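Notes follow once the structure below has been shown.
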Amino acid sequence: MFPGMPRSPAPDQALAAVLKRLREERKITQETLAFNAGLSVGTLGRIEVGRTAPSWDSVCRIIAALDVSLVELAKAVEVER
């Protein structure tokens, strides 16, 4: 880490679990969701296992591809916690 550089946020494990669960409930593969959200499969995989904190843009693209509202996502994350 370089002095003065902002730290990346720690990945949110509840968000990771919810995104994975929502994908699996819809019987969508990581490959399909990644394609529809405009992400690489590797990036989506790291998000789903909680190794990477997604950007706001990535979250919006993922939930759009899952056809889930931001409110639904937020409620599911709160329940997961």
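The values are calculated or read from the model by the stated rules, or taken from the named source; none is laboratory data. The shown structure was predicted, so the numbers you read here are calculated from the model rather than taken from an experiment. Virtual Cβ from ideal backbone geometry, glycine too; neighbours counted across all protein chains shown. SASA here: full protein model, heavy atoms, side chains in, ligands and nucleic acids out. Shrake-Rupley method; radii C 1.70, N 1.55, O 1.52, S 1.80 Å.
Points worth noting:
- Taking only protein heavy atoms and a 1.4 Å probe, the accessible area of the chain is 57% carbon and sulfur.
- E25 accessible area, assembled protein chains, probe 1.4 Å, Å²: 110 Å²
- FRET E, pair T43, V79, Förster distance 30 Å, beta-carbon r, rounded to 0.05: 0.75
- Inter-label distance, nm, simple model (7 Å from Cα along the C-beta direction), K27/R7: 4.4 nm
- Förster-model FRET efficiency, 25 Å R0, A14 and F35, C-beta, rounded to 0.05: 0.50
- For the listed peptides 36-46, 13-23, 65-75, a ranking on the average number of other beta carbons within 10 Å per residue, highest first, reads 13-23, 36-46, 65-75.
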